[in-house]
Amino acid sequence: MENRSIAQGISLATPFTFLGGVVIGWVNALGALVIFFVQAVLLIFKPKQLPLIIQQVFFIGAKSANIVMLVGLFTGMVIGLQMYYVTVKFGAEGVLGSAVALSLIRELGPVLTAIMIVARAGSSMTAELGILRISEQIDALDTMLIDPMRYLISPRFAASIISFPLLTAFFDLIGIIGGYFTGVILLGVNPGIFFNRILSDVALIDITGGFVKSLVFALIVCTICCYQGYFTHRRLEGRGAKGVSLSTTSAVVQSCVLILISDYVVTSFLL
C-alpha cells in the first residue's frame, strides 16, 4: 500500500518536474547570455581594439551595404506603388511622400536592415566562431593568454553598434528615392508636393526612434549570433560540422524572431 502511494506521488510530480526543468534551463541560458553580453560590451573599451573594430566594420557594414541598399530601393518602390493606389481612393495622393518616408524611417528601415545583416553577416559570424571553437583555435588563444572575448567578440559588438545605424540610414535614403521614382516619375505625383510633405511631416523623433531601434537590433543580433557560435561545442543535438550548422540556423531564426518582438516593444515605448 505504501509503495503504491509513493508511485502515485511520483507520477503526479513528473509533469511539474519536467516543467521545472524547462524553466530552470531557460533561466540558466538567459543568465549565461546576459553575462556574455556584459563581458563583451565592457571589453570594447580595452586598449588596442581599434584595428579589430575597423576590420569588423568593413565586414559587417561595408560588405552588407550593397544588399541593404538594393532591398531598400525595391522596398521604397513597392511602398510608393501600394500607397499611391490607397491614397488615390481617398483623394489624398499628396501625402504619398510622407507615407513612404514615415513607413521606412519608423518601421521598415530598421527592421529590414537588421534582417538583411542577420542573413549576410550574422550567419557568417556564427559559422566562423563555431569553426574556431570546434577546431580548438579558441582554446589555443586561451593557451597563449589571449582573451578570446576581447579578441573575437568585443570588436564585433562595437562594429555592429556602428554599422547598424549607418546601414539603416542608407536604407531609408535609398527607399525614399525608390518611392520618388515610383510615385513621381512613373505615376505622376507632383515632385514639389512629394518632398514638401516629407519635410513637413517627418519629425526628429521619427528619425531618432528609427536609430534607437537599429541600436537595439544591433545588440540583439550580435549577442545571439556570437553566443551561438562561441558555445557551439556545448550543443547536445550534434557535434562538429553538424553543431556549427545547427548553431547558425538557431542564430538566424532567434535573431529574426527577437528583432520582431523587440520592434513591437520599442515601438510601444516610442509612441
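What is the angle, in °, between the Cα long axis of helix 50-60 and the longest principal axis of the Cα atoms in the chain? Nearest 10 is fine, range 0 to 90.
70 degrees
What list of ³J(HN,Hα) couplings, whole Hz, do you get for region 87-100 from phi and the Karplus terms 6.51, -1.76, 1.60, once you set θ to phi - 60° and write x for glycine and proline?
Residue by residue, region 87-100 yields 5, 4, 4, 9, x, 10, 5, x, 8, 4, x, 5, 5, 5 Hz.
How big is the dipole moment of region 156-271 about its Cα centre under a simple scheme where the beta carbon of each Lys and Arg is +1, that of each Asp and Glu is -1, and everything else is neutral? Debye, nearest 20, please.
Roughly 580 debye, rounded to the nearest 20.
Determine the gain in length on full extension of the stretch Ile185-Leu173; use 0.36 nm per residue of separation and subtract their C-alpha separation, reporting nm with one decimal.
2.6 nm
Packing-wise, with mean Cβ within 10 Å as the measure, how do 53-60, 37-44, 227-234 rank, highest first?
Ranking the peptides 53-60, 37-44, 227-234 by packing returns 227-234, 53-60, 37-44.
Using 1/(1 + (r/R0)^6) with R0 = 35 angstrom and r between the beta carbons of Gln49 and Leu199, what's the FRET efficiency to the nearest 0.05?
Working from the Cβ atoms, E equals 0.30.
Once both axes come from the Cα atoms, what is the angle between helix 204-230 and the longest principal axis of the chain, in degrees from 0 to 90, rounded to 10?
For 204-230 against the chain, the angle is about 30 degrees.
With the Cα gyration tensor of region 2-270 in hand, convert its eigenvalues to equivalent ellipsoid semi-axes via √(5λ) and list them largest first in whole Å.
For region 2-270, the ellipsoid semi-axes come out as 43, 26, 15 Å.
Helix 123-134 versus the longest principal axis of the chain: what angle, 0 to 90°, nearest 10, using Cα atoms?
20 degrees
For the chain, with the dipole built from +1 on Lys and Arg beta-carbon atoms and -1 on Asp and Glu ones, taken about the Cα centre, which of Leu50, Leu204, Leu215 lies farthest toward the positive end?
Value: Leu50.
What is the gain in length, in nm to one decimal, between Ala65 and Val212 on full extension, counting 0.36 nm per residue of separation less the C-alpha to C-alpha distance?
Result: 51.0 nm gained on full extension.
For the peptides 184-196, 209-221, what is the packing order when you average, over each peptide's residues, the other Cβ atoms within 10 Å and list the highest mean first?
209-221, 184-196
Go through 92-100, 258-266, 24-32 and give me the packing order, highest mean Cβ count within 10 Å leading.
92-100, 258-266, 24-32
If R0 is 41 Å, what FRET efficiency do you get for Ile35 and Phe58 from their C-beta distance, rounded to 0.05?
0.90
Quick check for me: using +1 on Lys/Arg Cβ and -1 on Asp/Glu Cβ, what's the dipole size of the chain about its Cα centre, in debye to the nearest 20?
Result for the chain is approximately 300 debye, rounded to the nearest 20.
Restricting to Cα atoms and excluding each atom paired with itself, what does the Kirkwood estimate give for region 116-242 in Å?
17.6 Å
Stretched out fully, how many nm does the piece from Ala119 to Leu42 gain, at 0.36 nm a residue minus the Cα gap?
25.1 nm
Values in this text are rule-based calculations from the coordinates and carry no lab data. Please read all numbers here as calculations on a predicted model, not as lab measurements. FYI the Cβ positions are ideal-geometry reconstructions off the backbone, even for glycines, and counts take in every protein chain you see.
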